[in-house]
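Every number here is computed from the coordinates shown, using simple stated rules; none is lab data. The shown structure was predicted, so the numbers you read here are calculated from the model rather than taken from an experiment. All Cβ positions, glycine included, derive from the backbone under ideal geometry; neighbour counts span all protein chains shown.
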Amino acid sequence: MSDTVKYLLDETRIPKTWYNIAADLPAPLAPPLHPGTKQPIGPDDLAPLFPMALIGQEVSTERDIEIPEPVREVYRQWRPAPLFRARRLEKALNTPAKIYYKYEGVSPAGSHKPNTAVPQAFYNKEAGVKRLSTETGAGQWGSSLAFAGALFDLEVEVFMVRVSYDQKPYRRALMETYGARCIPSPSGETNAGRTALEAKPDHMGSLGLAISEAVEVAAQRDDTKYALGSVLNHVLLHQTIVGQEAMAQLEMAGDYPDVIVGCTGGGSNFAGIVFPFLGEQLRGGKNVRIVAVEPAACPSLTRGQFAYDFGDTGHLTPLVKMHTLGSTFIPPGFHAGGLRYHGMAPMVSHIMDLGLMEAKAYHQSKCFEAGVQFARTEGILPAPEANHAVKGAIDEAIRCREEGKSETILFNLCGHGHFDMQAYMDYFAGKLQDLDYDEADLAMALAGLPTETAA
Ligand SMILES: Cc1ncc(COP(=O)(O)O)c(C=O)c1O
């Protein structure tokens with residue numbers, strides 16, 4: 001069938017292991033440091049926040065890590081996710097390139113986030129935890145953890161960045177439908193939230209601040225642990241089922257990518273699609289060009305410093321070495337709430353530093369233009385975050401047209417935008433602003449990076 005559109009795997013093909021790229025990297029990651037002593041931390045330092053099984057995965061260098069059967073059982077609700085060949089988009093672009101996209105919007109929450117929410121809930125339940133606290137930017141992660149909490153009978157408390165809370169009331173309703181509690185951040189419920197509100201009563205919030213609130217809640221209660229939707233090694237690990245499935249599906253199509261494109265907030269959907277292919281390259285397989293796409297208003301990979309920094313605004317988390325805009329940096333309000341994080345996953349940052357990938361930054365209106373073209377050809381309406389990947393893939397396809405090359409482009413369509421219609425309405429009304437971050441704010445945030453670290 002030369003004109004196949006969807007490449008589907010049956011449920012038996014859900015991967016049995018997650019792929020850990022730490023096993024194949026030419027140099028190890030810099031260790032996380034204790035925020036007080038600035039010395040490398042051990043598993044016990046993380047124990048108040050995470051169950052031991054996840055801490056073990058965080059530091060593991062084993063290549064293949066078994067997916068517990070109860071997690072695979074839940075994955076069956078929507079996995080394996082389809083791989084599409086974007087034939088109609090290719091035609092509209094008049095490109096000789098072949099464009100494939102892995103569609104993660106088929107999950108219950110509408111994105112890749114349940115891929116890690118489910119195992120995180122599972123391991124917490126196994127460890128006897130009763131409650132999980134977390135943050136959410138776009139609302140996709142909060143909905144995913146709420147869904148996973150419902151399945152594993154855990155209470156879930158979600159601090160939602162104020163600007164998204166106001167923009168997306170239906171995301172909050174979805175979290176409540178799954179039984180979670182959703183609180184706008186900054187809130188009056190934590191020290192971090194109260195301090196921010198005192199300084200700025202109309203604070204629109206940020207992911208870094210919402211993380212501080214959720215970490216504070218977890219650190220204070222024995223029955224509560226914290227869950228993070230991106231950035232950490234174990235989160236990226238859980239997402240590698242995306243790339244593993246895509247690899248099997250491309251094999252069905254008789255293809256292999258020349259270029260892989262993913263959008264980057266904290267780096268998890270990007271890592272999910274990229275790492276299995278990059279691992280193959282590192283083990284002597286075919287070279288793949290890897291392109292991360294981030295918002296110009298919050299450009300951690302393209303404008304940040306590769307340095308030790310806090311994961312949150314309130315400086316409660318360990319220091320990790322990553323591309324960062326500074327933990328006090330508050331990006332301007334734009335519609336891809338999931339990409340408004342000041343840092344990048346240490347693993348993605350490390351790979352960038354090793355020269356194994358490239359990064360680009362785009363303004364939001366160009367990304368929405370690409371998303372609308374995608375919706376009008378392929379039918380799926382992407383999440384504002386995913387529009388960055390769509391734009392990146394379209395630009396690669398246009399380059400192929402200009403260079404007369406028939407390359408194979410693979411991108412991760414990490415979520416749908418059905419709860420993001422206000423953003424699309426603003427785009428159609430010409431109200432979207434292409435905000436740039438403030439240079440002076442960035443310089444100030446970077447000047448505040450912690451010093452005296454081991455790096
Ligand atoms: C649809 C979607 N894509 C991407 C992201 C960014 O996160 P990550 O870089 O971890 O994939 C988010 C985060 O909320 C999201 O909701």
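With contributions of -39500 (n - 2.57) from each DSSP H run of at least four residues, the per-residue ellipticity at 222 nm computed over the chain stands at -12500 deg cm²/dmol. Ranking 28, 347, 394 by Cα position along the charge dipole of the chain, where only Lys, Arg, Asp and Glu carry charges on their C-beta atoms, puts 394 farthest toward the positive end. Applying a DSSP loop filter and a limit of 10 other Cβ atoms within 10 Å to the trypsin sites (Lys or Arg not before Pro) in segment 272-369 leaves 283, 286.
Would you kindly state how much longer the chain becomes between residue 406 and residue 106 on full extension, computed as 0.36 nm times their sequence separation minus their alpha carbon distance, in nm to one decimal? Walk me through the numbers before you get to the answer.
Values: separation 300, 0.36 × 300 = 108.00 nm, distance 2.90 nm.
Length gained between residue 406 and residue 106: 105.1 nm.
Computed extension gain for residue 376 through residue 444, at 0.36 nm per residue and net of the alpha carbon distance, reaches 20.2 nm. Placing a label point 7 Å from the Cα of residue 16 along the Cα-to-Cβ direction, the residues of segment 213-245 whose backbone N falls under 17 Å of that point are 241, 244-245. The value obtained for segment 67-129, namely the Cα convex hull volume divided by the number of residues, is 91 Å³ per residue. As a quick test, which of the pairs 113/360; 98/286; 91/286 have an alpha carbon distance above 25 angstrom in this structure? Checking Cα-Cα distances, 91/286 exceed 25 Å.
Can you compute the charge dipole magnitude of the chain about its Cα centre, using +1 on each Lys and Arg Cβ and -1 on each Asp and Glu Cβ, nothing else charged? Give it in debye, rounded to the nearest 20. If you can, show how the numbers build up before the last one.
Working: 41 positive and 54 negative charges, 191 e Å.
Here the chain has a charge dipole of around 920 debye.
From the C-alpha gyration tensor of segment 125-233, pull out the three semi-axes of the equivalent ellipsoid (sqrt of 5λ each), sorted largest to smallest, in whole Å. Working shown, then result.
Working: eigenvalues 92, 53, 24 Å².
The equivalent ellipsoid of segment 125-233 has semi-axes of 21, 16, 11 Å.
Reported to the nearest whole Å, the Cα centre-to-centre distance from segment 58-124 to segment 281-345 is 21. When only alpha carbons of segment 6-140 are considered, Rg and Dmax amount to 18.9, 58 Å. With the cut-off at under 16 Å, measuring from each backbone N in segment 135-164 to a point 7 Å along the Cα-to-Cβ line of residue 433 picks out 163-164. Spin-label model, residue 302 to residue 77: label points 7 Å out along the Cα-to-beta-carbon direction sit 3.6 nm apart. Per-residue Cβ neighbour counts within 10 Å put 58, 402, 396 in the sequence 402, 58, 396, beginning with the fewest. Residue ranges 194-206, 370-382 sort as 370-382, 194-206 when ordered by packing (mean number of other C-beta atoms within 10 Å per residue, highest first). FRET efficiency for the residue 24 to residue 220 pair, using the beta carbon distance and R₀ = 35 Å, is estimated at 0.35. If you model the chain as an ellipsoid using its alpha carbon gyration tensor, with each semi-axis the square root of five times an eigenvalue, the axes come out at 31, 24, 22 Å, biggest first.
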